[in-house]
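Engineer: Quick one: structure below, then a few questions.
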Amino acid sequence: MSEITKVVVDLKTRNIIHVIKHRKNYRTGLAIPIYSLSVESYKKERLDIDSLLAGVTSERLVEYPFLVRNLVSPRIYARILDIGVGESHLTKTISKFGNKKWHVSGIDLAKLTEKLDFLSLLRMDARVMGFRDEVFDQIICISTIEHIGITSDAYGLRAENDEVGDMHTMSEIHRVLKKGGTVIVTLPFGIGSIRKQEHRVYNSAALANLTSAFSVIKEEYYGYDEGKWKKCNGQSTNDKITNTKAIPSYFHSPVCVCLLLQKNILS
């Protein structure tokens with residue numbers, strides 16, 4: 001260990017490595033430095049979502065890290081669409097991370113009027129988007145599609161009942177996405193297909209139908225059990241959740257599925 005310490009000190013002295021942050025060791029309580037070859041490259045290549053998740057106990061704890069792992073590279077020019085912006089700061093954070101190489105658009109049924117460099121927030125219905133065909137390189141839809149077509153007073157919108165609003169949205173996503181482009185989707189999952197008051201819960205058949213026009217590149221399931229989100233197998237996930245009474249009532253479902261989809265180049 002002493003030899004490793006000597007090497008680390010030498011690399012720091014020669015400005016080859018830099019301390020970019022510290023993490024707390026929960027066993028000892030000590031602050032442990034985290035090193036990087038370059039402070040600037042660390043800032044540019046890592047999307048910092050810690051502030052977005054501060055104090056959060058919801059599906060976002062697994063949805064946002066999945067999003068970070070599957071965003072397009074910040075080194076390439078890309079047009080990105082975030083569907084269901086709401087009051088989230090995610091869209092702005094993504095736009096800043098793009099380092100002027102991404103142009104990010106965010107849409108929502110609620111009134112959005114802000115427009116900044118490399119960021120446009122627009123009031124728009126995802127089922128009938130006002131974009132031309134094949135314009136986006138990547139589309140993001142975090143915990144949104146299960147609500148589309150199901151509105152309530154909670155959103156300040158007229159109640160409606162469009163049972164296939166989610167399918168219409170996926171069709172529009174396919175239309176405005178470039179060939180080879182990707183979609184990051186997260187939604188609630190359950191054994192039975194359930195229609196709740198303000199959202200849907202998808203079973204395997206409903207999920208397959210929803211994503212049928214795309215290739216599924218990644219499919220990750222997370223179950224909330226004993227106060228934590230745990231990665232699990234989608235088919236047996238509900239059976240492993242031992243205490244459903246301990247699940248917060250505002251969760252859409254005790255299971256969340258995160259998907260990375262791709263539009264076929266030959267579509």
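Engineer: Using a simple spin-label model with points 7 Å from Cα along the Cα→Cβ vector, what separation in nm is obtained for Glu219 and Ser171?
Structural biologist: Modelled inter-label distance: 2.4 nm.
Engineer: I would also like to ask the following. Would you order Phe136, Phe251 from fewest to most other beta-carbon atoms within 10 Å of each residue's own beta-carbon? All intermediate terms of the calculation are to be shown ahead of the outcome.
Structural biologist: Details: Phe136 23, Phe251 14.
Result, fewest neighbours first: Phe251, Phe136.
Engineer: Pairs Lys179/Lys218; Lys96/Lys218; Lys92/Lys179: which exceed 23 Å Cα-Cα?
Structural biologist: The pairs that break the limit, which is 23 Å between Cα atoms, are Lys96/Lys218; Lys92/Lys179.
Engineer: Mind checking the full-extension length gain between Ile76 and Asp162? Use 0.36 nm per residue of separation minus the Cα-Cα distance, one decimal, nm. Provide the component values of the computation, followed by the final result.
Structural biologist: On the way: separation 86, 0.36 × 86 = 30.96 nm, distance 3.76 nm.
Contour length minus the Cα-Cα distance gives 27.2 nm.
No lab work stands behind these numbers, since they all come straight from the coordinates. None of these values were measured; they are calculated from a predicted model. No Cβ is skipped: glycine too gets one built from the backbone with ideal geometry, and neighbour counts run over all protein chains shown.
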